[in-house]
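Below: the structure, in structure tokens.
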Amino acid sequence: MNNEEDLLQEDSTRDEGNETEANSMYKLRKTRKKVTKSHVYSTEVGETDISNSNECMRDSSQILTPPQLSSRMKHIRQVMAKNRLQFVRFEATDLHGVSRFKSIPAHFFQEKVSQGVCMPRGYLEVMPNPKDNEMNHLRATCFNSDIVLMPEVSTFRVLPWAERTARVICDTFSVTGEPLLTSPRYIAKRQLSQLQASGFSLLSAFIYDFCIFGVPEILNSKTISFPASTFFNNHDQPFMQELVDGLYHTGANVESFSSSTRPGQMEICFLPEFGISSADNAFTLRTGVKEVASKYNYITSFFIETAFCNSGILSHSLWDVDRKKNMFCSSSGTEQLTITGKKWLAGLLKHSAALSCLMAPAVSCRKRYSKDRKDLKESVPTTWGYNDNSCIFNIKCHGEKGTRIENKLGSATANPYLVLAATVAAGLDGLHTSDEVLAGPDESTDFYQVEPSEIPLKLEDALVALEEDQCLRQALGETFIRYFVVMKKYELESEERDAERNKFLEYFI
């Protein structure tokens, strides 16, 4: 399988066998589709040029037919031969948004596409066994069992920062074929499916801050890591060039990057995409930036234990299901949200307390909510405004992108799939239930008759808000909410003990 000519020559003799295998793969995926049809918005598409990420749309609702799947696999084999690949990573996100993967020899890829790759469930949920009184609806035998990583072949990409290696993003299932209810990507796809059923689609992009540090040094018996160059006047640094170019070749298109407010802090903005792709792009960045940085003896981190926590902004707009009209844009040309946009925003404001728990899921990253306040309160008001970067929900009406809302509740440590899912869930609730909070069809910005929820400064209070938010409990799933709360309580209990030890570990991104 290491010889390119042999691989290409074998393609013509394998096609008949591949049709049979493709039928088997199709039946397996169809069986899994029956389990998840009412919940998951499939992102697989027909044949496209995998190397051309600009053309790749990954959120078609159609499942691949056997001929399409056979054609796709033939193209992947050609890509593998051309790049002389040795390994393929089967990647899935854990609860923290960190990539957990198993690598397989490239010549086993086609077999594993149909069968999946097994992984211990604990790898993705990263917590000791839940106690009976905390998670009595989950059996310990279930928690300790394997899960199956089923690849979404449209996400197959050669990794520029890993030698002769490709990756494919996977969805997670139990060994009996049921979707893992704690999977952030599954939850996000389910919410996108609900949005599509309501006649809308989401165009979104993440904007991330991250910090670049030099290799830790020992000074006076203390481990210190100094910020790397700030790049204020030199944006052609090899590190950033390689990172941005590598992201492009993995399908994640970077619109811009720049130095940010602190030494060694960078901001990177992705181009907006429909569906799950924006979260996939963010997920790719979180792994890629660390791998590229290691080549330059840097350590990159999304995690800081100060009030200057790195932000993770979700810029998004609501479109019709045909993706032809921005539902936030007013036809009158005024810089105001439409009624649909106001309802969506009302949902975000209504659920902001619970949203903050998912989007600022650590004690340190919640400090950013109060960094400009001198009074010590237990919560801060949720703010919104037009073209005001100081607001938590900033409505931008300028530029060629049209009207969009920047959800600035998030920190860079949040799982991008959960940020996407929770934003859609809150916005949908606003669309369905917020008629009573509108003053009328006029374009007045003062249209709220009820106060938005306040954002708790303590993670413990945010967990209570999440548990009490019936809308998010139903949208994200009872199993996920209960597990997430238990996990965060466990982290709070061990936070002081682990703080120094985890300071420079790459896992805590």
PRE zone check, label point 7 Å out along Cα-to-Cβ of Thr261, amide N under 14 Å, scope region 385-415, hits 389-392, 408-412
Integer Hz, Karplus 6.51/-1.76/1.60 couplings in order for region 249-254, x for Gly and Pro: 6, 9, x, 9, 8, 8
Give a residue-ordered list of calculated ³J(HN,Hα) values for region 291-296 (Karplus: 6.51 cos²θ - 1.76 cosθ + 1.60, θ = phi - 60°; whole Hz; x for Gly, Pro). 6, 5, 4, 5, 5, 9
When the Karplus curve 6.51 cos²θ - 1.76 cosθ + 1.60 is applied with θ = phi - 60°, which whole-Hz ³J(HN,Hα) does each residue of region 81-96 get, with x for Gly and Pro? 5, 4, 9, 6, 6, 10, 9, 10, 8, 9, 9, 9, 8, 8, 5, 8
Estimated distance in nm for a label pair at Asp245 and Cys391, the labels positioned 7 Å out from Cα along Cα-to-Cβ: 4.1 nm
Plugging the Cβ-Cβ distance of Asn144 and Glu460 into 1/(1 + (r/R0)^6) at R0 = 35 Å yields, to the nearest 0.05, a FRET efficiency of 0.75
Proximal charge balance of Ser259 [Cβ under 11 Å; K/R count +1, D/E count -1]: -1
I'd like the accessible area for Thr300: 1.4 Å probe, protein heavy atoms, all chains in place, Å² to the nearest 10. 10 Å²
Summed over the other residues with a beta carbon less than 13 angstrom from that of Phe393, with K and R at +1 and D and E at -1, the charge totals +3
Please give, to one decimal in nm, the separation of the simple spin-label points placed at Ser294 and Ser174, each 7 Å out from Cα toward the Cβ. 3.5 nm
Please list, ordered by chain and number, the residues whose modelled amide H lies under 5 Å from the amide H of Asn253; skip anything fewer than 5 residues away on the same chain. Leu271
Residues with amide H under 5 Å from that of Ile147, placed H, sequence gap 5 or more: Met119, Arg121
Under 5 Å between amide hydrogens, which residues at least 5 positions from Lys325 or on another chain qualify, with H placed 1.01 Å from N in the peptide plane? Asp320
At 1.4 Å probe size, with no ligands or nucleic acids counted, give the accessible surface of Tyr248 in Å², nearest ten. 90 Å²
What pairs from Lys74/Lys112; Lys342/Lys401; Lys342/Lys488 go past 21 Å between their alpha carbons? Lys342/Lys488
Sparse-neighbourhood loop sites, trypsin sites (Lys or Arg not before Pro) in region 255-298 - DSSP loop, at most 10 other Cβ within 10 angstrom: none
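The values are calculated or read from the model by the stated rules, or taken from the named source; none is laboratory data. This structure is a prediction, so every number in the text was calculated from the model and none was measured. Reconstructed Cβ throughout: ideal geometry from the backbone, glycine too, with neighbour counts over all protein chains shown. To get the accessible areas, we keep the full protein, side chains included, count just its heavy atoms, and leave off ligands, DNA and RNA. Shrake-Rupley method; radii C 1.70, N 1.55, O 1.52, S 1.80 Å.
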